[in-house]
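Undergrad: What follows is a structure written as structure tokens; I'll ask about it next.
The values are calculated or read from the model by the stated rules, or taken from the named source; none is laboratory data. All of these numbers come straight from a predicted model, not from anything done at the bench. Cβ coordinates were reconstructed from backbone atoms using ideal geometry, including for glycine residues, and neighbour counts include every protein chain displayed.
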Amino acid sequence: MAQSAEFSDRHQAGLALAGALRELQLHEPVVLALPRGGVPVGHPIARELGAPLDILLVRKIGAPGQPEFALGAVVDGVEPQWLVDEEMLRLFDPAPGWFARQVTEQLREIERRRSLYCGPRLPIPLENREVILVDDGLATGSTARVAIQGLHKLRPRRVVLAVPVGPRETVEKLRPLVDELICLVTPEPFRAVGDHYLDFRQVSDLEVMELLSPGARI
């Protein structure tokens with residue numbers, strides 16, 4: 001448990017972000033949360049802004065035997081995309097074909113999770129919409145980067161990245177990729193997202209399903 005955490009939990013962080021987002025005067029925005037941790041942050045934002053809540057499924061590709069080191073990320077869609085950290089890939093030097101197999105495996109997991117979380121419901125159309133992309137924090141930014149790339153192919157009118165906390169260097173690298181970026185806390189030095197929450201327990205699939213259910217959206 002962090003002793004000087006800025007946020008009590010993800011819900012409180014979402015309320016704080018909602019206050020900052022109101023100042024942007026967005027017109028009929030859609031809130032897209034990155035599961036799982038972004039969903040309990042995005043839910044109060046959607047409720048406070050009177051916006052629909054949906055998810056954008058992205059999966060990190062961890063290094064062989066050391067999954068905490070991200071070598072890239074994958075996002076679903078009609079044309080699946082992936083981002084590769086070339087420097088990290090050279091450092092770990094996996095066997096030929098390993099990365100391609102990981103992409104296939106993560107796309108299968110994305111398909112499973114979409115079915116689990118959303119059932120038969122179709123994604124909210126994003127063309128010409130103002131989109132708020134939400135997560136519970138940034139670290140390397142690889143997941144957010146590939147998510148943003150996927151969003152731009154869907155032709156939204158405006159993309160806003162909203163997170164409670166992240167390292168200043170990552171925030172500044174991502175800022176040119178979106179129309180607006182809100183990050184409430186950029187501590188230096190930065191060690192981990194969870195350091196800035198009193199309650200950073202793992203979010204379950206069941207919690208995500210409950211928050212995404214129609215009755216929980218408003």
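Undergrad: Inside region 86-125, can you point out the residues that are of a type outside the set (A, V, I, L, M), within 24 Å of Ala33 (Cβ to Cβ) and not in a helix (DSSP H, G or I)?
TA: Selection gives Gly119, Pro120, Arg121, Pro123, Pro125.
Undergrad: Name every residue in region 166-176 that is under 18 Å from Val146 (Cα atoms) and surrounded by fewer than 17 Cβ atoms within 10 Å (Cβ to Cβ), in order of residue number.
TA: Glu169, Glu172, Lys173, Arg175, Pro176
Undergrad: Taking the criterion of being over 21 Å from Pro80 (Cα atoms), part of a loop (DSSP other than H, G, I, E, B) and of a type in the set (S, T, N, Q), would at least one residue in region 158-181 satisfy it?
TA: No, there is no match, as no residue in region 158-181 is over 21 Å from Pro80 (Cα atoms), part of a loop (DSSP other than H, G, I, E, B) and of a type in the set (S, T, N, Q).
Undergrad: So is Gly14 surrounded by fewer than 17 Cβ atoms within 10 Å (Cβ to Cβ) and either of a type in the set (Gly, Ala, Ser) or part of a loop (DSSP other than H, G, I, E, B) (or both) or not? Steps first, please.
TA: Working: surrounded by fewer than 17 Cβ atoms within 10 Å (Cβ to Cβ): no; either of a type in the set (Gly, Ala, Ser) or part of a loop (DSSP other than H, G, I, E, B) (or both): yes.
So Gly14 does not fit the description; no.
Undergrad: Follow-up. Among the residues of region 18-36, are any within 30 Å of Phe99 (Cβ to Cβ) and assigned to a helix (DSSP H, G or I)?
TA: Kept after step one, since they are within 30 Å of Phe99 (Cβ to Cβ), are these residues of region 18-36: 32-36.
Add one more test, that the residue is assigned to a helix (DSSP H, G or I), and what stays is none.
No, because not a single residue in region 18-36 is within 30 Å of Phe99 (Cβ to Cβ) and assigned to a helix (DSSP H, G or I).
Undergrad: From the list Arg90, Arg22, Arg47, Arg59, which residue is of a type in the set (D, E, K, R) and under 15 Å from the mean Cα position of the chain (by Cα)? Outline the logic, then answer.
TA: Working: Arg90 fails: under 15 Å from the mean Cα position of the chain (by Cα); Arg22 fails: under 15 Å from the mean Cα position of the chain (by Cα); Arg47 fails: under 15 Å from the mean Cα position of the chain (by Cα).
Exactly one residue qualifies, and that residue is Arg59.
Undergrad: Among the listed residues Arg217, Arg145, identify the single one that is surrounded by 17 or more Cβ atoms within 10 Å (Cβ to Cβ), among the basic types (Lys, Arg) and at pLDDT below 95. Let's see the steps before the verdict.
TA: Values: Arg217 fails: surrounded by 17 or more Cβ atoms within 10 Å (Cβ to Cβ).
One residue alone meets the criteria, Arg145.
Undergrad: Here is a check on your reading of the model: is Asp136 among the charged types (D, E, K, R) and part of a loop (DSSP other than H, G, I, E, B)?
TA: Values: among the charged types (D, E, K, R): yes; part of a loop (DSSP other than H, G, I, E, B): yes.
Criteria met by Asp136.
Undergrad: Can you pull out every residue in region 189-210 that is in a loop (DSSP other than H, G, I, E, B) and within 12 Å of Leu116 (Cβ to Cβ)?
TA: Let us first name the residues in region 189-210 that are in a loop (DSSP other than H, G, I, E, B), namely 189-192, 198-204.
Matches in region 189-210: Ser204 only.
Undergrad: Separate question: Take region 142-165 and flag every residue that is in contact (Cβ under 8 Å) with a residue 60 or more places away in the chain and of a type in the set (Lys, Arg).
TA: Arg145, Lys153, Arg158
Undergrad: Another question, then. Could you tell me how many of the residues in region 94-140 are of a type in the set (S, T, N, Q), within 25 Å of Pro64 (Cβ to Cβ) and over 15 Å from the mean Cα position of the chain (by Cα)?
TA: 3
Conditions (1) loosely packed, with under 12 Cβ neighbours inside 10 Å; (2) among the polar types (S, T, N, Q); (3) closer than 14 Å to Val31 by Cα, marked per residue:
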{"site": "Val84", "(1), (2), (3)": "no, no, no"}
{"site": "Arg90", "(1), (2), (3)": "yes, no, no"}
{"site": "Gln106", "(1), (2), (3)": "no, yes, no"}
{"site": "Tyr117", "(1), (2), (3)": "no, no, no"}
{"site": "Leu126", "(1), (2), (3)": "no, no, yes"}
{"site": "Glu130", "(1), (2), (3)": "no, no, yes"}
{"site": "Gln149", "(1), (2), (3)": "no, yes, no"}
